[in-house]
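The values are calculated or read from the model by the stated rules, or taken from the named source; none is laboratory data. Note that this is a predicted model, so its numbers are computed, not measured. Cβ coordinates were reconstructed from backbone atoms using ideal geometry, including for glycine residues, and neighbour counts include every protein chain displayed. Areas reflect the complete protein model, heavy atoms only, side chains present, ligands, DNA and RNA absent. Shrake-Rupley method; radii C 1.70, N 1.55, O 1.52, S 1.80 Å.
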Amino acid sequence: MLWPETLSRRTTLNADASADWQASLITPSFRGDLELAQALCDSIDRHVDPAIDHVLVVPRRDVPLFANLSNHRRRVQPEEDLLPRSFVRLPLPKKIQLGPWFHKRLRTLWLTPYGLVRGWMLQQILKLSATEISPRDIFVFADSDTVFVRPFSMADLVVDGQVRLYSNPGVCEGSPTHRQWHAEAARLLGLPPCDYFGADHIGTGIAGTRQTLLEL
């Protein structure tokens with residue numbers, strides 16, 4: 001994983017317990033990303049410290065397809081075990097095809113008390129559920145299209161008692177979509193109205209602590 005120079009260190013943990021810190025890699029995935037997930041797992045097994053475990057979170061129907069990726073440091077977790085019971089998967093086809101020229105693969109769609117939830121939003125819900133996926137202290141969210149290209153260990157996550165946070169100042173400041181996301185985040189978190197908080201925090205390889213996720 002190539003960490004950008006814009007990574008900052010903002011989340012502080014108890015330095016006295018540093019020797020006991022443990023981290024988990026969390027990857028929401030599905031059958032359409034199976035080949036990408038295989039490449040990710042291979043790179044993790046080659047480059048990531050074995051002390052950092054890895055959890056693949058996939059639809060229950062896809063668990064058999066991912067089962068051969070399990071090993072001493074990796075397990076496959078059905079996503080349904082982490083979702084509220086009020087989430088109902090809609091019985092949609094896996095793909096649609098109109099004649100020989102048009103075909104499109106459909107992602108899972110869920111009916112919830114809050115409206116329809118699609119694949120990307122479901123991934124974020126699963127990431128926020130990381131404290132139920134793993135008992136560890138630090139979580140690193142590695143999407144299926146991530147590949148580690150050099151050694152990666154706890155030393156890359158924690159420096160001087162702080163967990164690294166991706167922060168890229170000024171990026172996407174002019175994007176109406178990003179400004180809408182920032183404004184909505186402010187509303188949801190009860191912050192003063194703001195449509196840009198000064199930096200972009202969206203990417204893969206994002207790290208968070210158990211405490212932060214529990215507060216969210």
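Could you list, in sequence order, the residues of the range 136-179 that are more than 30 Å from R31 (Cα to Cα), β-branched (V, I, T) and buried (at least 20 other Cβ atoms within 10 Å of the Cβ)?
Listed by number, the residues that qualify are V158, V163.
Could you please find all residues in the range 117-135 being in contact with a Leu (Cβ under 9 Å, 6 or more places away or on another chain) and open to solvent by 40 Å² or more (accessible area, probe 1.4 Å)?
Hits for the range 117-135 are R118, I125, L128, E132.
I'd like to verify a number: residues in the range 94-116 that are open to solvent by less than 70 Å² (accessible area, probe 1.4 Å), modelled with pLDDT under 80 and not hydrophobic (A, V, I, L, M, F, W, C), how many?
2
Which of the residues spanning the range 44-80 are under 22 Å from A207 (Cα atoms), within 17 Å of the chain's Cα centre (by Cα) and outside any strand (DSSP E or B)?
Within the range 44-80, I44, I52, E79 qualify.
If you check every pair at least six apart or on different chains, which have Cβ atoms under 6 Å apart with a residue in the range 137-160 that is within 9 Å of A23 (Cβ to Cβ) first and a residue that is open to solvent by 20 Å² or more (accessible area, probe 1.4 Å) and among the polar types (S, T, N, Q) second?
As it stands, the answer is D137/Q22, since those pairs meet every condition given.
Filter the range 183-202 down to the residues that are touching a Cys at 6+ places or on another chain (Cβ under 8 Å) and over 16 Å from L216 (Cβ atoms), then identify the one that is modelled with the highest pLDDT.
The qualifying residue modelled with the highest pLDDT is A183.
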